[in-house]
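The values are calculated or read from the model by the stated rules, or taken from the named source; none is laboratory data. Bear in mind the structure is a predicted one, so any value in this text is a computation, not a measurement. When we count neighbours, we look across all protein chains shown, and the Cβ atoms used for this are built from the backbone with ideal geometry, even at glycine. The protein model used for the area step is the full one, side chains on, heavy atoms only, and it has no ligands, DNA or RNA in it. Shrake-Rupley method; radii C 1.70, N 1.55, O 1.52, S 1.80 Å.
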Amino acid sequence: MTTLRVVLGDQCSEALSALDELDMAHDVVLFAEVRAECTYVPHHKQKIALVLSAMRHFAEALRHRGVMVAYTRLDDPANTHSLAGEVARMAAVHDATRIIATHPGEFRVLQDMQAWSSRTGLPVEIRDDTRFLCTLSRFRAWAGEKKQLRMEYFYRQIRRSTGLLMQAPDEPVGGQWNYDHDNRARLPKDIRPPSPKRFPPDAITREVIALVEREFADHFGTTAAFGWPVTAADATAALEDFVAHRLPRFGDYQDAMAEGEPTLFHALIGAALNVGILDPMAACRAAEQAYRAGHAPLNAVEGFIRQILGWREYVRGVYWLRMPHYAETNALEATRTLPEFYWSADTSMACMRAAITQTRDLAYAHHIQRLMVTGNFALLAGLDPVAVNEWYLVVYADAYEWVELPNTHGMALHADGGIMASKPYAASGAYINRMSDHCRGCVHDVKQATGPKACPFNYLYWDFMSRHAARFSRNPRMAMPLRTLAKMDPAKVAAMRAEAARFFDAL
Ligand SMILES: Cc1cc2nc3c(=O)[nH]c(=O)nc-3n(C[C@H](O)[C@H](O)[C@H](O)COP(=O)(O)OP(=O)(O)OC[C@H]3O[C@@H](n4cnc5c(N)ncnc54)[C@H](O)[C@@H]3O)c2cc1C
Ligand code: SF4
C-alpha cells in the first residue's frame, strides 16, 4: 500500500494536512517543479525562484528526517511539465494505491486535482487546508444568506474564537475592536524606517535563480536583490526582525508612502506566509506577545493582527465562496488596455514610477502603493480588470489568486460591484500628497487639475466620478464626492474631462 502524498509549491509546511499520518515505511511525498505552474501567468522571476527554492529546501528537510521524497526538477528530461502529468507519472513509478493532497489555493488547481482520480484510476483524497484559521465551510456558514459581507464582523468572530487580543470572551483588549483611525500618519522627515532583514541566497537558491534566469529570461522583474526567506527558520527570523524593529511603528505609518523607502514599517512576511513556511497564528501570537510585554502599542499590534486574522482569512473566504464567477464580473464596465508603463515604469508620475520600479526590483510594494497608487490609477483610468488582475498576479512574490483576486478585482477595481468594499477606493492626487512625499519631486503639480502640469490623478478622479455619477448615486457612501461634483462649475468639470480624454489618447 503506497500512498502518494502531493505537496504543491505553496504548501511547504511541516503542518500540511497531506502529510498527516505519514507512513514513513511506505508513503512517498511528491514535489513537482512544472513549467505549467511557472507560466500560466509569466510570474516575476523572484516569485518563481522563491517557490522553487522553498520546495527544494522543504524536500531536503523531509529527506533528512527519513521521508521518501519523489522530486521532479524543472530541468528533468522526463518532466511532463504539468501537475496532473507528474502525479500520474509518479503514481505509476511508485506503484501508488492512493493519492492524498491538501486543498489548493487556486480554483484552476482544484479543477485539475479533481481530475487526478480519473487520470490515474486511483482514489484521491483532498484534505482541508488547516493552515488557515477559518475553514471554508465555516466561512460559508458565516456568510450564509447575508446580503452584505463585511470583514469587520468576520474579524471579530475570529478574534473571539482564537482569543487573540481579548480580555474577556466578548471584550477586546483596550475596549475597542479596531484602531484603524490611529493608523493614518504621514512619515515625518526625521524618522527613517529600519531596513528589513534580508536572506542572501544560499547554494540552493543561487542554483534556482540561475535556472530561472535561463528558463524564464523574458519574465518581468530582476533577481539581483533577491533576499526572501526560503525556509521555516529564515521566515521565523524575518518575523522576529519585524516584531523587534518595525512592529512598534507599523500602526502609525501603515498607510504612509515615502520616496526611496520601499518597505517602511511593513512586515514583508506575505511571501513566507503564502508559500507555507510561516504559520499565520505564530505571526499573530508573536505580535500579541510584543504588546503584552510592553514592546509595541495596541494600535500597531491590533492593526497587524487584523491584516492576518481578518483580511487574509476574509479574502480567502470570499474567493472560494464566489469563484469561478467572481473573476468574470466587470461592474464598472472597464475596458481600457493596461498601459505599457505598468511594465517599464517609464512614466512621468513620480508615485507610479516609485511603486512600479520597486515592484520590478523587489517583487514587493506595500498595501497602500498597491491599493492607492497602481490600483487607484487602474480604477480611475477604467483599465480592463482581466489585464489588471493578471498584472498583480504576475508582479508580486506573495501573489496567489486566492488572495490577489479579491484584493485587486474587488478592493482596488470595484469590479465585483461591492462584495469586497462598500465603495470604490478612488482618490485624487490630494490623498497621495497627504500620505507621501512623492509629489514634491514630481513634474506634475498636485494642486492643479487642468493644464499641462496638472496631476493626472486629479482630472482622472473627477472624470471617473462624472462617468459613474448615475451608478454611484445609489451608494450612500459616495454621496459626499457626488455632492462636491454637483456643486462644481460645469466648465471646470468639462475642462477636466477634456484633460482626461487627452491623457487617454496619449496613453
Ligand atoms: C491590489 C492589491 C493586490 C494585492 N495582492 C496580494 C497578493 O497577491 N498576495 C498577498 O498576500 N497580498 C496581496 N495584497 C494585500 C497586501 O497588499 C499584501 O498582503 C501586503 O502588502 C504584503 O506585504 P507585507 O507582508 O509587508 O504586509 P504587511 O502590511 O506587513 O501586513 C502583514 C500581513 O497581513 C496580510 N495582509 C495585509 N493586508 C492584506 C489584504 N488586504 N489581504 C490579505 N492579506 C493581507 C498579509 O499576509 C501580510 O503579509 C494585495 C493588496 C492589493 C490592494
Ligand atoms: S503630483 Fe500626482 S502624479 Fe505626481 S506624485 Fe503627486 S499624485 Fe502622483
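Just one residue in the set HIS64, HIS26, HIS43 is without any contact (Cβ under 8 Å) to a residue 60 or more places away in the chain and more than 24 Å from PRO123 (Cα to Cα); that residue is HIS64. The set of residues in the stretch 428-454 being touching a residue at least 40 places away in the same chain (Cβ under 8 Å) and either near ligand 2 (Cβ under 7 Å from one of its atoms) or touching a Leu at 6+ places or on another chain (Cβ under 7 Å) (or both) consists of ILE432, HIS438, CYS439, CYS442, HIS444. Do the conditions hold for ALA498, that is, is it within 16 Å of ligand 1 (Cβ to nearest atom) and over 29 Å from ALA258 (Cβ atoms)? Taking the combined requirement at face value, the residue does not satisfy it. Residues of the stretch 395-430 that are hydroxyl-bearing (Ser, Thr, Tyr) and open to solvent by less than 40 Å² (accessible area, probe 1.4 Å): TYR396, TYR400, THR408, SER422, SER428.
Could you tell me whether any residue of the stretch 396-411 is of a type in the set (Val, Ile, Thr), within 29 Å of THR222 (Cβ to Cβ) and in contact with a His (Cβ under 8 Å, 6 or more places away or on another chain)? The answer is no, given that none of the residues of the stretch 396-411 is of a type in the set (Val, Ile, Thr), within 29 Å of THR222 (Cβ to Cβ) and in contact with a His (Cβ under 8 Å, 6 or more places away or on another chain). When the stretch 147-179 is filtered for residues that are in a strand (DSSP E or B) and either crowded, with 18+ Cβ neighbours inside 10 Å or within 20 Å of the chain's Cα centre (by Cα) (or both), only PRO172 remains. Of all residues in the stretch 191-250, those satisfying the criterion of being in a loop (DSSP other than H, G, I, E, B) and of a type in the set (A, V, I, L, M, F, W, C) are ILE191, PHE199, PHE216, ALA217, PHE220, ALA224, ALA225, PHE226, TRP228, VAL230.
Yes or no, residue by residue, for (1) open to solvent by 50 Å² or more (accessible area, probe 1.4 Å); (2) at pLDDT 95 or above; (3) within 16 Å of ligand 2 (Cβ to nearest atom); (4) out of contact with any Ser or Thr (no Cβ under 6 Å at 6 or more places or on another chain):
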{"residue": "GLU328", "(1), (2), (3), (4)": "yes, yes, no, yes"}
{"residue": "ALA345", "(1), (2), (3), (4)": "no, yes, yes, no"}
{"residue": "MET349", "(1), (2), (3), (4)": "no, yes, yes, yes"}
{"residue": "THR357", "(1), (2), (3), (4)": "no, yes, yes, yes"}
{"residue": "VAL373", "(1), (2), (3), (4)": "no, yes, yes, yes"}
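Listed by position, the helices (runs of 4 or more DSSP H) contained in the stretch 434-507 that have at least 3 residues being closer than 21 Å to ARG353 by Cβ are 456-467, 490-506.
Of the residues that make up the stretch 183-199, is at least one within 18 Å of LEU50 (Cβ to Cβ), open to solvent by 50 Å² or more (accessible area, probe 1.4 Å), without any contact (Cβ under 8 Å) to a residue 24 or more places away in the chain and away from ligand 1 (no atom under 16 Å from the Cβ)? Looking for residues that are within 18 Å of LEU50 (Cβ to Cβ), open to solvent by 50 Å² or more (accessible area, probe 1.4 Å), without any contact (Cβ under 8 Å) to a residue 24 or more places away in the chain and away from ligand 1 (no atom under 16 Å from the Cβ), one finds none in the stretch 183-199, hence no. Within the stretch 464-477, identify whether any single residue is under 31 Å from the mean Cα position of the chain (by Cα), open to solvent by 30 Å² or more (accessible area, probe 1.4 Å), at pLDDT 95 or above and within 16 Å of ligand 2 (Cβ to nearest atom), and answer yes or no. No: the stretch 464-477 contains no residue that is under 31 Å from the mean Cα position of the chain (by Cα), open to solvent by 30 Å² or more (accessible area, probe 1.4 Å), at pLDDT 95 or above and within 16 Å of ligand 2 (Cβ to nearest atom). A single member of THR80, THR102 is of a type outside the set (A, V, I, L, M, F, W, C), surrounded by 20 or more Cβ atoms within 10 Å (Cβ to Cβ) and within 31 Å of the chain's Cα centre (by Cα), and it is THR102. Screening the stretch 261-296 for residues that are touching a residue at least 12 places away in the same chain (Cβ under 8 Å) and on the phi > 0 side of the Ramachandran plot and picking the one that is surrounded by the most Cβ atoms within 10 Å (Cβ to Cβ) gives GLY276. Within the stretch 297-356, the residues that satisfy the criterion of being in a helix (DSSP H, G or I), in contact (Cβ under 8 Å) with a residue 24 or more places away in the chain and away from ligand 1 (no atom under 16 Å from the Cβ) are LEU298, TRP343, ALA350.
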